[in-house]
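Each remark here refers to the structure printed beneath this line.
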Amino acid sequence: MVTNEDAAVDEVRPEATPTLTGAELLRWYWLKSELVALARQLGVPTGGGKQELTRRVVAALDGLPAPEATSRDPAPRSGQLPGPLGRDTVIPPGQRSSQLLRQFFEHELGPSFSFDARMRAFIAEGGHTLDQALTFWRSGRGRRPNREIGAQFELNAFLRHWHTSHPGGPRSEAVAAWRVHRDTPVDRRDDVAG
């Protein structure tokens, strides 16, 4: 059985150059900044998230047409809330998590308030009063859902798994394990966190 340490010693990650194949690029972990630089060399658009950028770069390396852009289908924008805000103010659909809203929530809830993904989605949905938003925010406090981490957040997923496997393990060991994992080809990794 090949361990992460053995794999890291056997192979060295190649440079991000136009001479790579798409398959070779996909074998390794790349920072988005490295992918952007390679995309520029290839004449590929650099916008979008890391996964979308990776798909475009892989297609260009393999001489294939660029994949269709993924639609983010943002919430429809309507008028944004003007001040002053009160508990009976109705949130319009497409409302963004603005500084005005942050000030309102911090005044009502204290400095511990933050716009997490759950709260941002509730605000963007619209049709609720700010009083209902306060109740919604309070209903989510005190529980830490173990939500799945998106594929684009590979480091976060790795660290969650590592800390679950190594309770109380020091951060320095987690970071060292991440570096070995990151520098190991994807097809040679034994598991998510070594």
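The values are calculated or read from the model by the stated rules, or taken from the named source; none is laboratory data. Nothing here was measured: the structure is a model prediction, and the numbers come from that model. Glycine gets a Cβ as well: all are built from the backbone with ideal geometry, and neighbour counts include every protein chain shown. These accessible areas exclude ligands, DNA and RNA; they are computed on the full protein's heavy atoms, side chains included. Shrake-Rupley method; radii C 1.70, N 1.55, O 1.52, S 1.80 Å.
Tabulated data
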{"read-out": "Point-to-point label distance, Val90-Val180, nm (Cα→Cβ direction, 7 Å offset)", "value": "5.9 nm"}
{"read-out": "Cubic angstrom per residue, convex hull over Cα atoms of the stretch 8-50", "value": "78 Å³"}
{"read-out": "Cα lying deepest toward the dipole's positive end in the stretch 8-129, options Ala124, Leu31, Thr19, charges on Cβ", "value": "Ala124"}
{"read-out": "In Å², nearest 10: area of Ser139 left accessible to a 1.4 Å probe", "value": "70 Å²"}
{"read-out": "Amide H within-cut-off set for Thr129, under 5 Å, with H built and near neighbours excluded", "value": "Ile91"}
{"read-out": "Estimated dipole of the stretch 76-132 in Debye, rounded to 20 [Cβ of Lys and Arg +1, of Asp and Glu -1, Cα centre]", "value": "220 debye"}
{"read-out": "Solvent exposure ordering (accessible area, 1.4 Å, most first) of Lys50, Lys32", "value": "Lys32, Lys50"}
{"read-out": "Accessible-area order (highest first, 1.4 angstrom probe) of the listed residues Thr164, Thr21, Thr129", "value": "Thr164, Thr21, Thr129"}
{"read-out": "Radius, Kirkwood style, for the stretch 12-132 when every pair of distinct Cα atoms is counted (Å)", "value": "17.6 Å"}
